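A quick write-up on the structure given underneath.
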Amino acid sequence: MIARSSIAFALALILAAALPVEAARRRLVVRPAAGAPQPELVVVQDDFRFGPLGWEAGFADYSPVNGDMELVAEIRPLPPEIAPTGTAFFLQGHNRSDDLFMFLKKKLTVADGIRPGQRYEATFRIVFDSNAGNGDACAGIGGAPGASLYLKAGVSGEEPRVVLDDSDHWRMTVDKGNQSTSGPAGSVVGTIENGTSRCDSEAPFVRLIKMHRHPWLVSASPVGELWVLVGTDSGFEGLTRIYYESIEVTLRPVP
C-alpha cells in the first residue's frame with residue numbers, strides 16, 4: 001500500500017511544476033496602463049472649392065510612345081449643369097494605352113494625427129462628377145466609358161510614385177491592382193457610370209457620391225506618414241473627364 005505521505009508529496013510536486021506555467025500565461029496578458037492616451041480617429045474632409053489642399057495629381061500605366069494622351073490635371077470651375085457652383089479637381093486623359101490610371105494622392109503626417117507604426121482601417125466618402133452613361137447604352141472602343149472605368153481608393157504607408165519601368169511604361173510603385181481588380185494600396189469602389197444613357201462628348205455631368213471601406217489594413221511609416229490614394233483605372237480607349245468635388249477619409253486605429 002502506498003503511504004499517504006508519498007501521495008501528498010507527489011501531488012505537491014505536480015502543483016509546483018504547474019504554477020510557473022500558469023503564472024507565465026497570466027504574464028502574457030498585456031493591458032494598457034491606466035490613463036494612457038489611446039489612438040484617435042483621423043478624419044480628413046477636403047473640399048476642392050478651396051483649392052488642391054495638399055492633393056497632387058498623377059498618371060500611370062502608359063508609355064511615352066503612346067502619343068498625345070491629352071493629360072490634364074488642375075483646379076477648375078464645375079461644369080454649368082452642376083449646382084451649386086464652385087471648383088473641383090479636374091482630371092482628363094485619353095486612354096491610348098488601354099490601361100490609363102489617373103489619380104490624386106495626399107500625404108498625412110503626425111501633424112494630422114497619424115501615429116508612427118499605428119495600423120488603420122480606412123473608409124471613404126468621394127463626391128465626383130461623371131458624364132459617362134451606363135454600360136449597356138455606351139459600349140465603345142475597348143469597353144464602355146463608364147462601365148469599363150473603375151474608381152479606386154486606398155491608403156499606403158509609402159508614397160505612391162510613378163516610375164519608368166524596363167518595358168518603357170510609367171508604373172505605380174504601390175500595388176493598386178489593375179482595372180477591375182483591387183490591390184493593397186487601391187481597392188475598387190465601383191464604376192463611374194452616372195445612371196444616364198448619354199455617352200457622347202457633349203453629355204452632361206452628373207454628381208455621384210460613393211461610400212467605400214478599404215478592405216486592407218495599413219500601417220503608418222516609422223515617422224508617422226500615410227498616403228491616401230484615389231483614382232480611376234480605365235479599360236476604355238477613349239477620352240475620360242472627371243471632376244472630384246470632395247474627398248473624405250476616416251482612419252480608424254486598429255489595436
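The values are calculated or read from the model by the stated rules, or taken from the named source; none is laboratory data. All of these numbers come straight from a predicted model, not from anything done at the bench. So basically every Cβ, Gly included, is an ideal-geometry build from the backbone, and we count neighbours across all protein chains shown. Please note that ligands, DNA and RNA were not included when accessible areas were found on the heavy atoms of the full protein model with its side chains. Shrake-Rupley method; radii C 1.70, N 1.55, O 1.52, S 1.80 Å.
Which of the residues spanning the range 184-205 are among the hydroxyl-bearing types (Ser, Thr, Tyr) and either within 24 Å of the chain's Cα centre (by Cα) or surrounded by fewer than 12 Cβ atoms within 10 Å (Cβ to Cβ) (or both)?
Matches in the range 184-205: Ser187, Thr191, Ser197, Ser201.
Just checking, which of Phe103, Phe89 is open to solvent by less than 10 Å² (accessible area, probe 1.4 Å), assigned to a strand (DSSP E or B) and not polar (S, T, N, Q)?
Numbers: Phe89 fails: open to solvent by less than 10 Å² (accessible area, probe 1.4 Å).
So the residue among Phe103, Phe89 that is open to solvent by less than 10 Å² (accessible area, probe 1.4 Å), assigned to a strand (DSSP E or B) and not polar (S, T, N, Q) is Phe103.
Condition (residue is within 17 Å of Leu239 (Cβ to Cβ), part of a strand (DSSP E or B) and either modelled with pLDDT of 90 or more or within 12 Å of the chain's Cα centre (by Cα) (or both)) applied to the range 156-173: is it met by at least one residue? So that I can check it myself, show each step before the final result.
So in the range 156-173, the residues within 17 Å of Leu239 (Cβ to Cβ) come out as none.
No; the residues of the range 156-173 include none that is within 17 Å of Leu239 (Cβ to Cβ), part of a strand (DSSP E or B) and either modelled with pLDDT of 90 or more or within 12 Å of the chain's Cα centre (by Cα) (or both).
I'd like the full set of residues that are outside any loop (DSSP other than H, G, I, E, B) and of a type outside the set (A, V, I, L, M), limited to the range 184-198.
Those that are outside any loop (DSSP other than H, G, I, E, B) and of a type outside the set (A, V, I, L, M): Gly186, Ser187, Gly190, Thr191.
When you go through (1) of a type outside the set (Ser, Thr, Tyr); (2) out of contact with any strand residue (DSSP E or B) (no Cβ under 6 Å at 6 or more places or on another chain); (3) under 30 Å from Gln118 (Cβ atoms) one by one for Lys210, which number turns out not to apply?
Single failed check for Lys210: (2).
Starting from the range 214-235, take each residue that is without any contact (Cβ under 8 Å) to a residue 12 or more places away in the chain and part of a strand (DSSP E or B) and list its partners that are open to solvent by less than 10 Å² (accessible area, probe 1.4 Å) and of a type outside the set (Phe, Trp, Tyr), counting only C-beta distances under 7 angstrom and pairs at least six apart or across chains.
From residues that are without any contact (Cβ under 8 Å) to a residue 12 or more places away in the chain and part of a strand (DSSP E or B), there are no pairs.
If you take the residues of the range 61-86 that are modelled with pLDDT of 95 or more and assigned to a strand (DSSP E or B), which of them is farthest from the chain's Cα centre (by Cα)?
Filtering the range 61-86 for residues that are modelled with pLDDT of 95 or more and assigned to a strand (DSSP E or B), the one farthest from the chain's Cα centre (by Cα) comes out as Pro77.
Looking only at the range 151-159, decide whether some residue is under 22 Å from Val127 (Cα atoms), open to solvent by 20 Å² or more (accessible area, probe 1.4 Å) and touching a residue at least 40 places away in the same chain (Cβ under 8 Å).
Looking through the range 151-159, none of the residues is under 22 Å from Val127 (Cα atoms), open to solvent by 20 Å² or more (accessible area, probe 1.4 Å) and touching a residue at least 40 places away in the same chain (Cβ under 8 Å).
Name the residue, out of Thr181, Thr123, that is open to solvent by 30 Å² or more (accessible area, probe 1.4 Å), modelled with pLDDT of 95 or more and either within 24 Å of Leu251 (Cα to Cα) or not in a strand (DSSP E or B) (or both).
Only one candidate passes the filter, namely Thr123.
Can Pro222 be described as buried (at least 16 other Cβ atoms within 10 Å of the Cβ), at pLDDT 95 or above and of a type outside the set (A, V, I, L, M)?
Values: buried (at least 16 other Cβ atoms within 10 Å of the Cβ): no; at pLDDT 95 or above: yes; of a type outside the set (A, V, I, L, M): yes.
Here the answer is no, as Pro222 does not meet what is asked.
Kindly provide the set of residues from the range 55-72 that are open to solvent by less than 50 Å² (accessible area, probe 1.4 Å) and at negative phi, ordered by number.
Residues satisfying the conditions are Trp55, Ala57, Gly58, Phe59, Ala60, Tyr62, Ser63, Asn66, Met69, Val72.
When you check Phe101 against the structure, is it of a type in the set (Phe, Trp, Tyr) and farther than 24 Å from Pro64 by Cβ, yes or no?
Judged against the criteria, Phe101 is not a match.
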